[in-house]
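Engineer: For reference, the structure I am asking about is given below.
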Amino acid sequence: MRFTVAIDGPAAAGKGTISRAVADRFGFAHLDTGALYRAVGVKGGDPVDAARGLTPEDLARADLRTLEAGQAASRVAVIPEVRQALLDFQRGFARREGGAVLDGRDIGTVICPEAEVKLFVTASPEVRAHRRWLEVGGDERQVLAEVRERDARDMNRADAPLRPAADAMVLDTSEMTIEEAVAAAVAQIERLR
Ligand code: C5P
């Protein structure tokens, strides 16, 4: 059985939490595609070479979840050759036997336009910054500024900008609990399965 769930949206909207819950619930494999860009961003050196030579060890680094890694990821993510180098791996993962959930920025629009289910998970910048701040701490206004900066870079780049696919279901989680957001995603998958 091949079945792809594409989950896109801006930073800290709840994509990761929803993706893991959905993968668990349906027994699908999960790929956090942001981790690929984070690993390229923190590896240093030439980003195109880093993307072409990405290893499992790169993806297991302890520092991938930091704010700095997120910023570094969004800077290398504007480079078309970096995106191209990561394309085949993501497409192969999406069509693996047994079903797959991929979360990122361009899964429904570029990586898997044929995905059976497309969700665009979003929330207000303030809510997203607050959630990220609960994870990383520090100055909440600084976290909000970084969220806005990363949104702008992801939405305004020429190659694969962040936007909902025409046939994506938009899920605004600003006023939702995690349980409600997961339930909405599960219901949509059940409808389309
Ligand atoms: O989702 P996450 O916050 O880990 O992504 C880090 C950065 O990687 C994003 O801000 C974005 O610039 C880039 N990214 C991307 N395309 C994806 C996933 C992530 O451009 N599919």
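The values are calculated or read from the model by the stated rules, or taken from the named source; none is laboratory data. Keep in mind it's a predicted model, so treat the numbers as computed, not measured. Virtual Cβ from ideal backbone geometry, glycine too; neighbours counted across all protein chains shown.
Engineer: What are the residues in the range 160-193 that are β-branched (V, I, T) and loosely packed, with under 14 Cβ neighbours inside 10 Å, if any?
Structural biologist: The answer is V170, T177, I178.
Engineer: Now a separate question. From the list R141, R128, R157, R148, pick out the single residue that is surrounded by fewer than 14 Cβ atoms within 10 Å (Cβ to Cβ), under 20 Å from S74 (Cβ atoms), at pLDDT 95 or above and of a type in the set (D, E, K, R).
Structural biologist: That would be R141, the only listed residue that is surrounded by fewer than 14 Cβ atoms within 10 Å (Cβ to Cβ), under 20 Å from S74 (Cβ atoms), at pLDDT 95 or above and of a type in the set (D, E, K, R).
Engineer: Pick from the range 142-184 the residues that are more than 10 Å from the ligand (Cβ to nearest atom) and of a type in the set (V, I, T): which of them is farthest from A21 (Cα to Cα)?
Structural biologist: Among them, the one singled out is V143.
Engineer: Given the conditions (1) part of a loop (DSSP other than H, G, I, E, B); (2) within 12 Å of the ligand (Cβ to nearest atom); (3) of a type in the set (S, T, N, Q), report the number of the one that Q90 does not fulfil.
Structural biologist: If we test Q90 against (1) part of a loop (DSSP other than H, G, I, E, B); (2) within 12 Å of the ligand (Cβ to nearest atom); (3) of a type in the set (S, T, N, Q), just (1) comes out false.
Engineer: Among all residue pairs at least 6 apart or on different chains, which show Cβ distances below 6 Å where the first residue, located in the range 18-46, is within 18 Å of R95 (Cα to Cα) and the second is aromatic (F, W, Y) and assigned to a helix (DSSP H, G or I)?
Structural biologist: Sorted first by the residue in the range 18-46, then by its partner, the pairs are L31/F93.
Engineer: On to the next question. Kindly indicate which of L36, L54 is surrounded by 15 or more Cβ atoms within 10 Å (Cβ to Cβ) and within 22 Å of M155 (Cα to Cα).
Structural biologist: L36
Engineer: When the residues of the range 29-46 are narrowed to those that are in contact with an Asp or Glu (Cβ under 8 Å, 6 or more places away or on another chain) and not hydrophobic (A, V, I, L, M, F, W, C), which ends up nearest to G99 (Cα to Cα)?
Structural biologist: H30
Engineer: Here's another thing I want to ask about it. Just to be sure I understand, how many residues within the range 123-176 are of a type in the set (S, T, Y) and not in a loop (DSSP other than H, G, I, E, B)?
Structural biologist: The qualifying residues number 0.
Engineer: Hey, another quick one. Spot the failing condition for P10; the list is (1) in a helix (DSSP H, G or I); (2) of a type outside the set (A, V, I, L, M, F, W, C); (3) out of contact with any Gly (no Cβ under 8 Å at 6 or more places or on another chain); (4) in contact (Cβ under 8 Å) with a residue 24 or more places away in the chain, and only one is missed.
Structural biologist: (1)
Engineer: Here's a check for you: in the range 15-33, which residue that is within 14 Å of the ligand (Cβ to nearest atom) and more than 10 Å from the chain's Cα centre (by Cα) is surrounded by the most Cβ atoms within 10 Å (Cβ to Cβ)?
Structural biologist: Filtering first and then ranking leaves I18.
Engineer: Which of the residues that make up the range 103-121 are closer than 9 Å to D8 by Cβ and either away from the ligand (no atom under 12 Å from the Cβ) or outside any loop (DSSP other than H, G, I, E, B) (or both)?
Structural biologist: D103, G104, I107, G108, T109, K118, L119, F120, V121
Engineer: Here is a further query. Checking the conditions here, which among A6, A12 is at pLDDT 95 or above, aliphatic (A, V, I, L, M), crowded, with 21+ Cβ neighbours inside 10 Å and within 10 Å of the ligand (Cβ to nearest atom)?
Structural biologist: One residue alone meets the criteria, A6.
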